[in-house]
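Values quoted throughout were computed directly from the atomic coordinates according to the rules given, and no laboratory measurement underlies them. Remember, it's a predicted structure, so these values are computed and weren't measured experimentally. Neighbour counts are summed over all protein chains in view; Cβ atoms, including those assigned to glycine, are modelled from backbone coordinates with ideal geometry.
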Amino acid sequence: MRIKTVYTFFILLVSFFSVTKISAQRHEVGVQAGLSNLVGDIGNTNFILQKPILGKTLSLGVPVYFGAIYRLNVNPQQSLRLGLGYSHIQFSDLHAKENYRRQRGLYGSNSVFHADLTFEYYFFDINEEHKSKVSPYVFAGIGGMMYNAVKLKNVEVVNGQVEPTYDSTKKMSMDLPFGVGVKYKFNYNWALSAEATFRQSFSDMIDYSQIESNVEGIPNDFRQIGNPNSNDWINSATIILSYSFGRPPCYCK
């Protein structure tokens, strides 16, 4: 189902460019910053604007997002965007709403690198030559991420207790970013955007709730916490400051 979704996106993207003249475009570059959060099997399940775990910032870090973007403004209301970013996420059962999670008490953090290609649609013609303009927008696309993961290396029984040992590793996964935002253009070339991004990953290992094992005969208790059919989400609320340059586009009918 997910592969079909990716193929469908590429087909729509190719169809879009086949009917759009791209001989004259305007370029836009910018920086992005804000807060990020995880929705997974451990910690809070709010999809956006989770309260940072201030009491554990020394051990878990600050839940931030930093990135850079490049926009190709194809016409007054449509843009193609390439984004590179970094998320640091923290998660703790003690801040969850569910009683069973608070009693379980698991916590952790992860660092995730993102690369996204998204299509943006603006409800007003903000990409034209305006001194100032405001427009809400929606966006969706495909992306990839690289994150820290753990692998079960060995299991020993010590004094009647099972003692697992783990190795740290890097994993990569695809994701589907989408969201909503509002863009304010000022002084002709500058723009300030605020947006909420939701990234549905193809992985259930970002919160370490699923552990890859290379040891045969290990019970499932060592491999999975929570719902094995629900993958992790990495979401963010960010601000983008961007600058437009290049020849103004000619949108000829």
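The figures follow:
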quantity	calculated
Under-5 Å amide H pairs with LEU106, H placed in peptide plane, nonlocal only	ASP93
Fewest-first sequence of PHE123, PHE91 by Cβ atoms within 10 Å of each Cβ	PHE123, PHE91
Table column - 3J(HN,Hα) (Hz), the range 30-40, Karplus curve with 6.51, -1.76, 1.60, x for Gly and Pro	x, 10, 9, 8, x, 10, 10, 8, 10, 10, x
Residues ARG102, ARG81, ARG71, sorted so that the one with the fewest Cβ neighbours within 10 Å comes first	ARG102, ARG81, ARG71
For SER111, SER168, order by how many other beta-carbon atoms lie within 10 Å, fewest first	SER168, SER111
